[in-house]
Amino acid sequence: MTTHEVQTGEEWTKPLPKPDFVNAEYWQAAADGRLLIQECPSCGHRQWYPRALCTACAADTEWLECSGRGTVHTFTVIRQFGMKPFRDALPYVIAMIDLEEGPRIMGDIPDGDVDAVTIGMPVEVFFTKAADDIGIPRWRPATE
Ligand SMILES: [Zn+2]
């Protein structure tokens, strides 16, 4: 089991996901510092975000715990956003991350120098606890 840092220091003021029967385990795992994707026991397909069935063969899926490591596939720097609370975070990076396990996941790279982010950069996950049962996966430059 690989657990990663879960930051709990500040109140989450951005919109919250609404956990349902498909994704509640995903959000709870993130609140506990674990990143999950889905893997199909029938055909081996892996997918993110959580869905009710395998998108390749429609079988039921199983959860696969990820290493939390990936590389930046692409990204954009958000420099203008007029609405709170997002304007307080400017500038920030929204990136597509290629996980070691295969699927591509979207998330922010909230800390550090936005001009230092590059395509192909190794990153690692951390989480912000947004509610008791919801963690938000986020990314930062890999330390090793
Ligand atoms: Zn499948």
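Could you work out the local net charge near residue 94, counting Lys and Arg as +1, Asp and Glu as -1, over the other residues with Cβ closer than 11 Å to its Cβ? Before the final figure, lay out the partial values.
Values: positive: 138; negative: 108.
Here the count lands on 0.
Using 5 Å bins from zero, what percent of all Cα-Cα pairs in region 95-144 falls into each bin?
Per 5 Å bin, starting at zero, the Cα-Cα P(r) for region 95-144 comes out as 5, 18, 30, 24, 14, 7, 2 percent.
Mean-square fluctuation check for the chain, GNM, Cα pairs under 10 Å: which of 94, 78, 109 is largest?
Highest fluctuation among the options: 78.
Counting only other residues whose beta carbon sits under 12 Å from that of residue 62, what net charge do I get with K and R as +1, D and E as -1?
Neighbourhood net charge equals -3.
Give the relative contact order (percent, whole number) for region 66-144; include only Cα pairs under 8 Å separated by 6+ residues.
Details: 152 pairs, mean separation 24.1, N = 79.
Once normalised by length, the contact order is 31 percent.
Of the residues 61, 128, 76, which exhibits the maximal mean-square fluctuation in a Gaussian network model of the chain defined by a 10 Å Cα contact cut-off?
Comparing 61, 128, 76 in a Gaussian network model of the chain, the most mobile one is 76.
Treating the beta-carbon of each Lys and Arg as +1 and of each Asp and Glu as -1, no other charges, what is the dipole magnitude of the chain about its Cα centre, to the nearest 20 debye?
It comes to approximately 520 debye.
Under 12 Å from the Cβ of residue 32, count the other residues' Cβ atoms, weight Lys and Arg +1, Asp and Glu -1, and hand me the total.
That works out to -3.
Considering only DSSP beta bridges whose two residues both sit in the chain, what percent are antiparallel, to the nearest 5?
In the chain, DSSP labels about 95 percent of beta bridges as antiparallel.
Of 96, 22, 53, which is farthest towards the positive pole of the chain's charge dipole, taken about the Cα centre with +1 and -1 on the beta-carbons of Lys, Arg and Asp, Glu respectively?
96
Would you please report the Å³ per residue occupied by the convex hull of the alpha carbon atoms in region 6-144?
Per residue, the Cα convex hull of region 6-144 comes to 115 Å³.
A short reminder: the numbers here are calculations on the coordinates, not readings from a lab. Computed from a predicted structure; not experimentally measured. Using ideal geometry, Cβ is built from the backbone for each residue, glycine included, and neighbour counts are taken over all protein chains shown.
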